[in-house]
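So the structure is just underneath, and the comments pick up after that.
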Amino acid sequence: MSIKFLAEDDRPREKFLLKGKGSLSDSELLAIIMGSGSRDETAVELARKILASVNNNWHQLSLLSVKDLTKFKGVGEVKAISIATALEIGRRRSSQEIPEKPMISNSNGAYQIFKNHLSDLRTEEFWAIFLNQNNRVIHISQLTQGGISQSIVDVRILFKTALDHFATGVIVAHNHPSGNLKPSKEDIDITQKIREAGNTLTIQLLDHLIIVQNSYFSFSDEGLL
């Protein structure tokens, strides 16, 4: 019996997409790893049986060899290797430290990130750094790529990205290939639009930088925010 014939709530992949990975039981997670069950059992039923044999303990399951796993009807070498591989990934993940996200406390900190993307370009690009409530970087994104003189950003796309990453703050930047650090009227206008939209969504525009090859202009430092 294939998973596709089960009731929707019993389809692990569909449940993952509809309700999130945290909604899945251990047997449903294992069923996704295996991909299918046997002729007589669904993947979920087979996973339940395998887990029951080790007292529903992932650590105990990780001790089973490929040979041990293939003793279960419906588990061939490929499924056994998939199970062992997933458990090994989990073991390695648990042994690694979570990399600390960089914190931005001033305009220079943002510049050090943006300059690697923007300082040597011949056309304008618009980038954004998205931050959490502790001003730590959670995402960096190029939003537009324009011509020689301008790169217009869609404010809707900017804040959709911010919402997708649960950001509470954003720092934007674009480059001036001409080398002129003075903000144009368009630069000032888009900064105002971003700030106003951010206020509505409670996502603060922390700064807007203009980047040239060896320097930058900060709207925040110049009191323009």
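The values are calculated or read from the model by the stated rules, or taken from the named source; none is laboratory data. Worth saying up front: this structure is predicted, and the values here are computed from it rather than measured. Here Cβ is always computed from backbone atoms with ideal geometry, including for glycine, and neighbour counts include all displayed protein chains. These area figures cover heavy atoms from the full protein model, side chains too; ligands, DNA and RNA do not enter into them. Shrake-Rupley method; radii C 1.70, N 1.55, O 1.52, S 1.80 Å.
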Checklist entry - Can you find a residue in segment 130-143 that is more than 21 Å from Lys101 (Cβ to Cβ), open to solvent by less than 40 Å² (accessible area, probe 1.4 Å) and free of Cβ contacts under 8 Å to residues at least 40 places away in the same chain? => result no
Only unsatisfied item for Val170, checking (1) surrounded by fewer than 21 Cβ atoms within 10 Å (Cβ to Cβ); (2) modelled with pLDDT of 95 or more; (3) within 19 Å of the chain's Cα centre (by Cα), is (1)
Flagged in segment 34-60 as closer than 18 Å to Gly76 by Cβ and among the small types (Gly, Ala, Ser), in numbering order, are Gly35, Ser36, Gly37, Ser38, Ala43, Ala47, Ser53
Counting only residues in segment 190-215 that are aliphatic (A, V, I, L, M) and not in a strand (DSSP E or B), the one most open to solvent (accessible area, probe 1.4 Å) is identified as Leu201
